[in-house]
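First the structure, in the form of structure tokens, and then the observations on it.
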Amino acid sequence: MNRRALLKALGSTMLLTGGVLPPVVFSQTVPNVTSPLFHVFGTLPEPVEIKRVFAAGAPAGVMLNSLTPKQLLGWPFALPENALPWLSEHSRQLPVVGRLAGRGSTISTEQLLALKPDVIVDVGDVNAHYLSLVQQFSEQTGIPYILVEGRIEDTPEQLRVLGTVLGHQRHGQQLANAAQEILDDIAAKKSAYKGDMPSMYLARSADGLETGAGQSIHSEVIRLVGAENVAGTMEGEQLVRVSMEQVLVWNPDVILTQDVAFYRDVYQNPLWQDIPAVKNKKVVFVPTVPFGWLDVPPSINRLFGALWLSGWLYGVEQKRMVEQLRHLFILYFAFDPGIEALQALITSPVDFA
């Protein structure tokens, strides 16, 4: 049975419980896990006994590759070719094992059991319905399952606690400290800045008409750096399709995109010519290697985007930004791209997409 069929079957059991979830009980083997960001189902092994970790989706895969690369069973998705030169040899050699989260499952329950994971980890949006389904999935398979709420401002806590749970407390703390430094640095820049903030639109897809709703994790970097997300008033936490007319009403000062097709077309497309961001050459291509710096996937790679976008917004010297990005690459991806490569990347990121 694949995950889609399993979750559909398990969903019907909510009717028997009235949709009310029992309280989450954390394993006694990890007594310090009290974070409200963590939802643990099943009995976790002792940290020293956890050798095989399955990432349920892309955000978890990216986070676990930084936190516990030797325990990660494989990638939930195939790495794009342009990502490979920016990752460690170990990361490049990890197999693709499939995912349990996202828009479609690519691994069956039987295939997952054959991998013999000690624990499953998922990172991202969490709601009551998903919690219920995952709880029952864990009960049926006997595999402990950890759901981590994935907001970018909570990245330090995510890394610190997950590192402790998986037996990498020191490394988790190092990653958490680096994340906190970035968040604190951005907060200080916002506090000191006295100018007007530009309005920004996140243009996803080839036509640029997909964006993140008001509370979407896909547009969190914009909010974090202090800019106005023009789609911020839209309700919801997901990606949404919008009309060209709506974008014209929003009239953004800056357009951010990670889509090459859209970026190469927008300055010639007559539909976009009346928007200030296009008129003033403020359509900005955001770096996408090894993973999208804004939201592809929405994981720790967004720290790179937050650092880069805040630097662009507040006028950080390129030399300083390159030094900070190099430190992050070494720490989070166990890979040093070098100063020249990073300078080239932030100067013309579309060339590396």
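The values are calculated or read from the model by the stated rules, or taken from the named source; none is laboratory data. In this text the structure is predicted, and so the values were computed from the model without any measurement. Using ideal geometry, Cβ is built from the backbone for each residue, glycine included, and neighbour counts are taken over all protein chains shown.
Quick notes
- Yes/no for Arg204 being surrounded by fewer than 16 Cβ atoms within 10 Å (Cβ to Cβ), modelled with pLDDT of 95 or more and among the basic types (Lys, Arg): no
- Tally of residues being under 23 Å from Gly167 (Cα atoms) and in a helix (DSSP H, G or I) across the range 60-88: 8
- The selection criterion, being in a loop (DSSP other than H, G, I, E, B), assigned by TED's automatic domain parsing to the domain that holds Val221 and crowded, with 18+ Cβ neighbours inside 10 Å, holds for Val289.
- Meets criteria (touching a helix residue (DSSP H, G or I) at 6+ places or on another chain (Cβ under 9 Å) and closer than 26 Å to Ser91 by Cα) for Leu328: yes
- Check on Gly195, within 20 Å of the chain's Cα centre (by Cα), among the small types (Gly, Ala, Ser) and in a loop (DSSP other than H, G, I, E, B): no
- Meets criteria (among the aliphatic types (A, V, I, L, M), without any contact (Cβ under 8 Å) to a residue 60 or more places away in the chain and in the same structural domain as Ser310 (by TED's automatic domain parsing)) for Leu224: no
- For the range 263-283, the tally of residues that are surrounded by 16 or more Cβ atoms within 10 Å (Cβ to Cβ) and in contact with a Phe, Trp or Tyr (Cβ under 9 Å, 6 or more places away or on another chain) stands at 6.
- Count of the range 108-126 residues which are surrounded by fewer than 20 Cβ atoms within 10 Å (Cβ to Cβ) and more than 17 Å from the chain's Cα centre (by Cα): 9
- Output for the range 128-152, where each listed residue is over 20 Å from Leu64 (Cβ atoms) and part of a helix (DSSP H, G or I): Ala128, His129, Leu131, Ser132, Leu133, Gln135, Gln136, Glu139, Gln140
- Selected residue (only one of Ala188, Ala206, Ala179 is part of a loop (DSSP other than H, G, I, E, B) and not β-branched (Val, Ile, Thr)): Ala206
- The helices (runs of 4 or more DSSP H) located wholly in the range 222-283 that include 1 or more residues which are touching a helix residue (DSSP H, G or I) at 6+ places or on another chain (Cβ under 9 Å), among the hydroxyl-bearing types (Ser, Thr, Tyr) and at pLDDT 95 or above occupy 260-266.
- Selection count, the range 294-317, where residues are crowded, with 24+ Cβ neighbours inside 10 Å and assigned to a loop (DSSP other than H, G, I, E, B): 7
- Looking across the range 73-93, the residues that are over 18 Å from Phe329 (Cβ atoms) and surrounded by 13 or more Cβ atoms within 10 Å (Cβ to Cβ) come down to Leu73, Gly74, Trp75, Pro76, Phe77.
- Of the residues making up the range 229-242, those that are closer than 13 Å to Tyr201 by Cα and of a type in the set (Gly, Ala, Ser) are Ala231, Gly232.
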